[in-house]
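The values are calculated or read from the model by the stated rules, or taken from the named source; none is laboratory data. Remember, it's a predicted structure, so these values are computed and weren't measured experimentally. Glycine gets a Cβ as well: all are built from the backbone with ideal geometry, and neighbour counts include every protein chain shown.
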Amino acid sequence: MFDWSIGWPAFAVALVGGYILGSIPFGLIITRLAGVGDIRAIGSGNIGATNVLRTGRKSLAAGTLAGDMLKGTVAVILARELGGEAAAIVAGIGAFLGHLFPVWLGFKGGKGVATFLGITLGLAWPAAISFAAIWLIVFWLTRYSSLSALIASAATPLVFWAMGLPDNAVVFAMLAAILWWKHSANISRLLNGTESKFSSKKKEAAGT
């Protein structure tokens, strides 16, 4: 259990700071700098790496993935220096919400997978490796990016619990629930068999 007694000012700074970092729309920025245009007018309209991949520019998708992931990691690390592990968790929450609901884009952001992973990495790298391993295994078996993210995110709270980090487990259970809600359309398509696989020509699988 972490020390939650550092006070509301430190928590507020961690939450707001995490939100600001998380709300940086790397997908939108990178694609515009590359001359692709507004990524929101392409494919699903999402600002995450999977939709950026629909431009056919793998390097832009990789840059978006890295940016969306590392902003969560940086938020956690900076907050840890401010107020310890409790502040780090709060900053992670802020970064996740910032990515999903960026004020600069009318609160219409990404689905949170990369940032979820980045926060996990900042808090406990073994849990992040577990997330990545589960994602890769499910993706290898099914070729569904969305299903891989859903299963990996659902497993993360269990990994934290097994690591003896109950506070992290509770927080990540809530973050996973939000991530699943953001993937509700993907879940519907998975259930009715219309979700496209990454091996298809259109590469319409949804993810970050």
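Below are the figures for this structure:
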read-out: Checking G112 against (1) surrounded by fewer than 24 Cβ atoms within 10 Å (Cβ to Cβ); (2) under 17 Å from A176 (Cβ atoms); (3) touching a residue at least 60 places away in the same chain (Cβ under 8 Å), the condition it does not meet; value: (1)
read-out: Some residue of region 21-30 being over 19 Å from K108 (Cβ atoms), of a type in the set (G, A, S) and in contact (Cβ under 8 Å) with a residue 24 or more places away in the chain; value: no
read-out: Helices (runs of 4 or more DSSP H) wholly inside region 84-195 containing at least 1 residues that are touching a Pro at 6+ places or on another chain (Cβ under 8 Å) and of a type in the set (G, A, S); value: 166-182
read-out: Selection count, region 52-69, where residues are out of contact with any helix residue (DSSP H, G or I) (no Cβ under 6 Å at 6 or more places or on another chain) and either assigned to a helix (DSSP H, G or I) or not small (G, A, S) (or both); value: 7
read-out: Subset of region 11-34 (residues that are surrounded by fewer than 17 Cβ atoms within 10 Å (Cβ to Cβ), under 17 Å from V52 (Cβ atoms) and of a type outside the set (V, I, T)); value: R32, L33, A34
read-out: Test: residue in region 61-81 that is in contact with a His (Cβ under 9 Å, 6 or more places away or on another chain), closer than 13 Å to K111 by Cβ and crowded, with 19+ Cβ neighbours inside 10 Å; value: yes
read-out: Test set (1) modelled with pLDDT of 95 or more; (2) in contact with a Lys or Arg (Cβ under 9 Å, 6 or more places away or on another chain); (3) not hydroxyl-bearing (S, T, Y) - A75 fails condition number; value: (2)
read-out: Residue check, L21 modelled with pLDDT of 90 or more, within 16 Å of the chain's Cα centre (by Cα) and outside any loop (DSSP other than H, G, I, E, B); value: yes
